[in-house]
Amino acid sequence: MILKAIIVDDEEYSRKSLYYLLDENCPEVYVAGMAASVAEARKLLETVKADVVFLDIAMPRENGFELIPDLEKNDSSVIFTTAFDQYALKAIKASAIDYLLKPVSINELQESIKKVLDWTALKKSRNINNQSYTASLQNLSESLGTREAITKISLPDSQGFKIKNIADIMYISADNNYSCFYFKHAEKMFVSKSMKDFEDILNPAHFVRIHKSSIINLHYLKDYSIKNGFVAILINEMELPVSRRRSAEFLDRVKAFFNR
């Protein structure tokens, strides 16, 4: 039996990497298409009857859970590809066919394909539909399909990508079409995506855009000064300007954060 698959991931490297892993190691799988967003995946599903969808969760604009209703219509099985922490993984594994933790290993990929094949054969032999399965995914999306649930983030670099703890991000600055991440251990990393992409993913209760070129993690805020303009001072003594038009919202977010 050949499984027709699509890959949904906003990172080009992740899409291509999984495609090549499947092509070289999983002869039971034919990749019929790839999508860089949930919107692209919806269009693809209009023409492709996918047996299995490899679905990233943390994507800008719409997260992977928002594709679930469309997958229900197509009777597609789901294998999540994710950088979620272990708590979330347990919940995902209880509801999905399987999950693959990035970076994906060949053995785990092959085991996931076997589960899909077994599930597909069972559905056919017992005339089972995906209704209860997708209902389980819907419940999962309600509990995990929020930015509060995401504790790790996948950041692409020239060699592939790195998985970082979101709690370690002190601030992000814009550099043309790039974003520069600064971490609490003085490490920094350039990423070829705009800050808006990350603003859509990160928890707004913790991360605040204070300027067109800066997002800060309120866990690392030390002081706020208006002596020489509006300035946010982080615990490493880094001073970042707060734009006048964002200052009122910034103060409201700070108040809400520290009064939790």
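Protein heavy-atom surface of the stretch 1-59, 1.4 angstrom probe: 48% of the accessible area is carbon and sulfur, with nucleic acids and ligands not counted. Kindly flag which residue pairs out of Lys164/Lys193; Lys152/Lys188; Lys73/Lys162 have an alpha-carbon separation exceeding 27 Å in this structure. Pairs exceeding 27 Å: Lys73/Lys162.
Straight-distance candidates among the lysines for linking to Lys255, with alpha-carbon spacing under 22 Å and chain neighbours fewer than 8 residues away dropped: Lys212, Lys222, Lys227.
Just the number please: accessible area per residue for the stretch 1-57, 1.4 Å probe, all protein chains included, in Å². Present the calculation step by step, with values, prior to reporting the outcome.
Numbers: 2680 Å² over 57 residues.
Accessible area per residue: 47 Å².
Surface calculation, 1.4 Å probe, protein heavy atoms: Val29 sits at approximately 20 Å² accessible.
For Ser37, the amide hydrogen comes within under 5 Å of the amide hydrogens of Asp9, counting only partners 5 or more places away or on other chains and with H modelled in the peptide plane.
Per residue, how many Å² of accessible area does the stretch 186-257 show with a 1.4 Å probe?
54 Å²
The values are calculated or read from the model by the stated rules, or taken from the named source; none is laboratory data. Computed from a predicted structure; not experimentally measured. In case anyone asks, the SASA skips ligands and DNA or RNA and just uses the protein heavy atoms, side chains included. Shrake-Rupley method; radii C 1.70, N 1.55, O 1.52, S 1.80 Å.
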